[in-house]
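> If you scroll down you'll find the structure; I have some questions about it.
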Amino acid sequence: MRYQYFHKKSEKIPENLVEIIANRSTPRVWINKKETSIEEILKSLSHLKRFPILVVFDSHNIKNSVDDLKNLTESLENIGIYNNVGIYFRLSNDTTGKEFNQYIADKQLNCNLDNETKVVGVQSGKIPKFLLKTDWKPMSVISIGSPLRHSKTAAYANGCDLIISYTDTQPIVETKILWS
């Protein structure tokens, strides 16, 4: 900068998702939902010791929330996380909402929030007040279905240095690192 030019160090080209996440130059990373499973992301974050995780579900597409929650839970179980998971929102008691709420009850995804909590799930645009009053802070944020933009959840997540947008299409704004 002093001499009005920038020189980027030659780095090894990242070969896998772990290297992409570890060598990112910005806090935001986009991962293509069509080509990468949530389990691969969780394995990568586990390898990099980036737990606890805040998972943000899309509040605009309630029907996908059930499938996303099931995929998340199965993936967590596959990497060995069976407890210390809290999903801190519920859906209205229509057909989809009942299934979602019952799945949380059946899988016991409603642990009390403390420093041992590994995964917290919230709805985009809404942060529970008790989350703000505790010492719990995420080391990683995964936004499923939509990128975090202009909401209370986005403001809370900005305190984290790794925000993953796990969507079908690449966000238009602010994502520099791509993984497909």
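The values are calculated or read from the model by the stated rules, or taken from the named source; none is laboratory data. Computed from a prediction, not measured in an experiment: that's the story for all the values here. Note: ideal-geometry Cβ built from the backbone for every residue, glycine included; neighbour counts use all protein chains shown.
> Do the conditions hold for Thr117, that is, is it surrounded by 12 or more Cβ atoms within 10 Å (Cβ to Cβ) and in a loop (DSSP other than H, G, I, E, B)?
Spelling it out, Thr117 is indeed surrounded by 12 or more Cβ atoms within 10 Å (Cβ to Cβ) and in a loop (DSSP other than H, G, I, E, B).
> Go through the stretch 31-54 and give me each residue that's surrounded by fewer than 16 Cβ atoms within 10 Å (Cβ to Cβ) and in a helix (DSSP H, G or I).
Result: His47, single match.
> Taking into account only those residues within the stretch 73-98 that are assigned to a helix (DSSP H, G or I) and modelled with pLDDT under 95, which is farthest from the chain's Cα centre (by Cα)?
This residue is Thr95.
> Check Ser25, Ser44 and return the single one that is of a type in the set (Ser, Thr, Tyr) and modelled with pLDDT of 95 or more.
Checking each option against the conditions leaves just Ser44.
> While we're looking at this one, here's another question. Given the conditions (1) touching a Ser or Thr at 6+ places or on another chain (Cβ under 8 Å); (2) modelled with pLDDT of 95 or more; (3) in a loop (DSSP other than H, G, I, E, B), report the number of the one that Pro138 does not fulfil.
(1)
> Identify all residues within the stretch 129-165 that are of a type in the set (D, E, K, R) and free of Cβ contacts under 8 Å to residues at least 12 places away in the same chain; write none if there are none.
Residues satisfying the conditions are Lys129, Lys133.
> Could you list, in sequence order, all residues of the stretch 117-129 that are farther than 17 Å from Ile144 by Cβ and either modelled with pLDDT of 95 or more or among the hydrophobic types (A, V, I, L, M, F, W, C) (or both)?
Scanning the stretch 117-129 gives a single hit, Thr117.
> Go through (1) free of Cβ contacts under 8 Å to residues at least 60 places away in the same chain; (2) at negative phi; (3) assigned to a loop (DSSP other than H, G, I, E, B) and name the single condition Lys126 misses.
All conditions pass for Lys126, except number (1).
> To continue, here is another question. With respect to Glu74, determine if the residue is of a type in the set (Asp, Glu) and either more than 30 Å from Pro14 (Cα to Cα) or in contact with a Leu (Cβ under 7 Å, 6 or more places away or on another chain) (or both).
Spelling it out, it is not the case that Glu74 is of a type in the set (Asp, Glu) and either more than 30 Å from Pro14 (Cα to Cα) or in contact with a Leu (Cβ under 7 Å, 6 or more places away or on another chain) (or both).
> If I ask for residues that are modelled with pLDDT of 90 or more and not in a helix (DSSP H, G or I), which ones from the stretch 141-160 would you list?
Val141, Ile142, Ser143, Ile144, Cys160
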